[in-house]
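*Asks:* Please see the structure below; I have some questions.
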Amino acid sequence: MALITENDAPMVGHVQKPTATQGVRPRISIVIPLYNEEDSIPHLVEALDAAIANCGEPTEVIIVDDGSRDRSFALLKELAERDPRFTIVRFRRNFGQTAAFAAGFAQARGEVVITMDADLQNDPMDIPLLMAKIDEGYDIVSGWRKNRQDRWLDRKLPSMLANRLISNVTDVRLHDYGCSLKAYRTEVLQHVRLYGELHRFIPALASQVGATVTEVPVNHRARKYGSSKYGISRTIRVMLDLINVWFLGAYSTRPIHVFGTLGLGSMALGILAGLYLTALKIFLGASIGNRPLLLLAVLLVVIGVQLVTMGLLAEMITRTYYESQNKPIYVVREIVNNHSDDAL
Ligand code: UDP
Ligand code: MG
């Protein structure tokens, strides 16, 4: 039984895999981030038990306690001591849902990872629906809370607008990025690095490395126990993350194309305005010293030069990022007749 306890060394990279579940390698790893959900835990365990029996695949459950301050960990530890299918990873403090997902992924041994919330808003009985799509060949199956049981104004409306925008920008069209109930083929997760609150964008990030994505409608229930950990303020963070995902996805190997285009555009406008003012001065003898346009022309040229310079700096950072880690700028699915390791 490999429990992470207070005294264990901090986790770095991939952790030693546990050998529970009677030596059978699970096909499914259910990963659940959990923060102060003591009231949900008994019901969650009951629902998981029934769902695992119902789906009939060898399954492990990895619950990541994200620094809970209530009795959650004590309950989870007691559970894991009784039932080797459960692995508990305990954080030293609250690192957030994204970090909890990342820790769960590092621990997962299954061929498929299913993520869900601990608050029972998702229904683990829907797992076979997701698995059916995985078996059809998709790499990622996203749950779609078609009949979402949350307030309209501060939950469903912002989420609807955000989903449209994210779908358009990332070109991965999903109705419900925010649904935690999702299934991932483990191999595509290896190429996805998570930072900040990017767990909401995993389908988009994975699609950037070639994963195929689909969605299925799933059940959704109102939160019965505990309270939501997020407010409306997440909307602005989601928008900033979207800019980040878009930029890194489309331009991480060619940042000069973004900064340079904006910079050259700005410079061109500034130069045109400057030429116009110069012509007024030379041919019409007009006084241009007090023209607001002069200020704008100078500003546009200066900003333009700065943007191009920023693009060049970003190009250098890109090279450091890829070359220092020997990171390829592509992802290979497979090579047929690979002779590159043959002795010459
Ligand atoms: N959660 C977490 N760390 C956090 C915030 C939330 O592990 O810092 C967990 C929480 O316990 C729940 C899931 O992430 O299992 C989703 O959180 P919540 O239900 O509050 O979000 P909502 O459903 O309201 O969007
Ligand atoms: Mg919830």
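*Asks:* Are there any pairs, at least 6 apart or on different chains, whose C-beta atoms fall under 6 Å, with the first in region 56-70 and within 16 Å of ligand 2 (Cβ to nearest atom) and the second open to solvent by 10 Å² or more (accessible area, probe 1.4 Å) and hydroxyl-bearing (Ser, Thr, Tyr), and if so, which?
*Replies:* Asp66/Tyr35; Ser68/Tyr35
*Asks:* Right, next: Looking only at region 213-235, how many residues end up being away from ligand 2 (no atom under 11 Å from the Cβ) and either assigned to a strand (DSSP E or B) or surrounded by 13 or more Cβ atoms within 10 Å (Cβ to Cβ) (or both)?
*Replies:* Of all residues in region 213-235, those away from ligand 2 (no atom under 11 Å from the Cβ) come to 213-219, 231-235.
In the following step, the residues that additionally are either assigned to a strand (DSSP E or B) or surrounded by 13 or more Cβ atoms within 10 Å (Cβ to Cβ) (or both) were identified as 213-219, 234-235.
So the answer is 9.
*Asks:* When only residues in region 21-44 that are at pLDDT 95 or above and of a type in the set (Gly, Ala, Ser) count, which is farthest from Ala132 (Cα to Cα)? Walk me through it before giving the result.
*Replies:* Just the residues of region 21-44 that are at pLDDT 95 or above, to begin with: 26-44.
Within this subset, residues satisfying the condition of being of a type in the set (Gly, Ala, Ser) are 29, 40.
Working: Ser29: 16, Ser40: 28 Å.
If we take residues in region 21-44 being at pLDDT 95 or above and of a type in the set (Gly, Ala, Ser), then Ser40 is farthest from Ala132 (Cα to Cα).
Rundown of residues vs (1) open to solvent by 50 Å² or more (accessible area, probe 1.4 Å); (2) in contact with a Phe, Trp or Tyr (Cβ under 8 Å, 6 or more places away or on another chain); (3) assigned to a strand (DSSP E or B), yes/no style:
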position: Pro42; (1), (2), (3): yes, no, no
position: Ala53; (1), (2), (3): yes, no, no
position: Val61; (1), (2), (3): no, yes, yes
position: Arg69; (1), (2), (3): yes, no, no
position: Ala74; (1), (2), (3): yes, no, no
position: Val89; (1), (2), (3): no, no, yes
position: Phe95; (1), (2), (3): yes, no, no
position: Thr98; (1), (2), (3): no, yes, no
position: Val113; (1), (2), (3): no, yes, yes
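*Asks:* Something else about it: Please verify whether Val238 is part of a helix (DSSP H, G or I) and within 16 Å of ligand 2 (Cβ to nearest atom), treating the condition exactly as stated.
*Replies:* Working: part of a helix (DSSP H, G or I): yes; within 16 Å of ligand 2 (Cβ to nearest atom): yes.
Yes, satisfied.
*Asks:* Step by step: first the residues of region 143-172, then only those that are in contact (Cβ under 8 Å) with a residue 12 or more places away in the chain and within 17 Å of Leu120 (Cα to Cα), then the one that is surrounded by the fewest Cβ atoms within 10 Å (Cβ to Cβ). Which residue is that?
*Replies:* Asn147
*Asks:* Can you tell me which residues in region 181-212 are away from ligand 1 (no atom under 14 Å from the Cβ), in a strand (DSSP E or B) and surrounded by 21 or more Cβ atoms within 10 Å (Cβ to Cβ)?
*Replies:* Ala183, Tyr184
*Asks:* Could you check, for region 125-140, whether at least one of its residues is of a type in the set (Gly, Ala, Ser), assigned to a loop (DSSP other than H, G, I, E, B) and within 16 Å of ligand 2 (Cβ to nearest atom)?
*Replies:* In the first step, residues of region 125-140 are kept if they are of a type in the set (Gly, Ala, Ser); the result is 132, 137.
From the residues that got through so far, the ones that are assigned to a loop (DSSP other than H, G, I, E, B) too are 137.
Pick out the ones that are also within 16 Å of ligand 2 (Cβ to nearest atom) and you get none.
Scanning region 125-140 turns up no residue that is of a type in the set (Gly, Ala, Ser), assigned to a loop (DSSP other than H, G, I, E, B) and within 16 Å of ligand 2 (Cβ to nearest atom).
The values are calculated or read from the model by the stated rules, or taken from the named source; none is laboratory data. Please read these numbers as outputs of a predicted model, since none were measured by experiment. Methodologically, a virtual Cβ is constructed for each residue, glycine included, from the backbone with ideal geometry; neighbour enumeration extends over all protein chains shown. Remember, those area values only see protein heavy atoms, side chains included, never the ligands or the DNA or RNA. Shrake-Rupley method; radii C 1.70, N 1.55, O 1.52, S 1.80 Å.
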